[in-house]
Amino acid sequence: GVFYEVVQSFPRVEENVEVDSYVSSHRWRRHSESLKSVDTNRASMGQDSLEPGGFTDLLLEEGHDNTTQIEEDTDHNYYTSRTYGPYDSTSRDLWVNIDQMEKDKVKIHGILSNTHRQAARVNLSFDFPFYGHFLREITVATGGFIYTGEVVHRMLTATQYIAPLMANFDPSVSRNSTVRYFDNGTALVVQWDHVHLQDNYNLGSFTFQATLLNDGRIIFGYKEIPVAVTQISSTNHPVKVGLSDAFVVVHRIQQIPNVRRRTIYEYHRVELQMSKITNLSAVEMIPLPTCLQFTSCGPCVTAQIGFNCSWCSKLQRCSSGFDRHRQDWVDSGCPEESKDKICEKNIDTTETPLYSTTTLLPTTTRFRVLTTTRESSTSHLPTSLPTEDDTKIALHLKDNGASTDDSAAEKKGGTLHAGLIVGILVLVLVVAAAILVTIYMYHHPTSAASLFFIERRPSRWPAMKFRRGSGHPAYAEVEPVGEKEGFIVSEQC
């Protein structure tokens, strides 16, 4: 990757970026036979016809076969791409002639049009669906791509991009080079006009555009491609054509207090064939349904869209576990809950996916890891990279053990708590009964219970012998006669 300066950015640009990559196997595969008959609803933005001036200086050479050249739909799990050759009328229909648009809505970005390796944030007037997520802000870069991530960092070329033609373009080397964009409320068009490669100016100028529509479709249009894209050098800058998205994982660093590291994992990438990118060609990418579109449990767990959709009742969200909300999904224990795939209420199947699939085949995709670091308590950024190895995705994506152990401990604690309450209640009942019996015996000394306890009460007094004295009928002298059980009691007593 290469470093880009981001102007007009908020929040602040993240520093200290580290990138690692590895290959991991995907668990799904789509087939989109049903999409081939879908009306593409061309992105001509109300143009009834393409005026002759739209493609001046790019006339087709005589003698070429001008029959329709449409590549077969290519399935990319999240998108289906269609490539239209230079001799297909559709490629012209997909090109948006910005010069014919309302001038007050077409903006020339002054900074991007006169700098190298710069990027600027642009607000959208509509919600743009990207991998099932709705975006209202993007970052346009001079290098022929759009960055779509929420975490702004300097290595924008690594992941989370929409790239009609990512290369080492430098608009500052020519006065004719501009970066323009147009937003009419339903679509955003970003066009790189007459831009040159910084490390090979003599190859000529490139003119191409990317159109983002509010239904999620993405269109790449190419007007001027003076050289085969496969021949563009990637020594000083990555060369890419396609899409990418990733999720962010935030975790603490024990060695550095109050500092958290953000690791960006690329979970999917669309790589288009560069050899098909020529003058007058176009690529149309149609979004496929994702788990995020379902808003209730029943349709989520019964969806047949090529993803393993699961419902998380805590988040009230449907997901395959791999999207931009990955950390919330794991932190809320959704992977453990989703194993049952049982809804609390009756399954409602009234909500059905837009498309369905019939076959699931394994495929592979490339994962990339991009790591940034930020301080959680202040806005100051660390000046050096922590030494902790954060490239092992297994450490951050465990759906495991901790949830199970916590659940068992919680059940055990609940059992002990209930037993303690029962014990206390029994003790209170015993004490209350003893108090009631004592009160009863006190007020009823001749009762059977009272006599029972009196008869069995051991005496602590010595046995006495009574004898008459002084002739008084109620008087008797008492003389101890030794330790004996019970008393010898005179009738006069």
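The values are calculated or read from the model by the stated rules, or taken from the named source; none is laboratory data. Keep in mind it's a predicted model, so treat the numbers as computed, not measured. Here the Cβ is made from the backbone with ideal geometry for all residues, glycine too, and neighbour counts use every protein chain on show. Accessible surface areas use protein heavy atoms only, side chains included; no ligands, DNA or RNA. Shrake-Rupley method; radii C 1.70, N 1.55, O 1.52, S 1.80 Å.
Couple of notes before you dig in:
- Search result, residues across region 274-298 that are modelled with pLDDT under 95, out of contact with any strand residue (DSSP E or B) (no Cβ under 6 Å at 6 or more places or on another chain) and open to solvent by less than 30 Å² (accessible area, probe 1.4 Å): Gly298
- Every residue from region 158-174 that is touching a helix residue (DSSP H, G or I) at 6+ places or on another chain (Cβ under 9 Å) and in a loop (DSSP other than H, G, I, E, B): Ala167, Asp170, Ser174
- Any hit, region 189-196, residues being part of a loop (DSSP other than H, G, I, E, B) and modelled with pLDDT under 95: no
- Residues (open to solvent by less than 50 Å² (accessible area, probe 1.4 Å) and within 29 Å of Arg82 (Cβ to Cβ)) located in region 253-273: Tyr265, Glu266, Tyr267, His268, Arg269, Val270, Leu272
- Residue count, region 237-260 (criterion: closer than 30 Å to Trp329 by Cα, part of a strand (DSSP E or B) and not acidic (Asp, Glu)): 12
- Failed item in (1) open to solvent by less than 40 Å² (accessible area, probe 1.4 Å); (2) part of a loop (DSSP other than H, G, I, E, B), with Ser234 passing the rest: (1)
- From the list Cys318, Cys312, the lone residue that is in contact with a helix residue (DSSP H, G or I) (Cβ under 9 Å, 6 or more places away or on another chain) and within 20 Å of Tyr78 (Cβ to Cβ) is Cys318.
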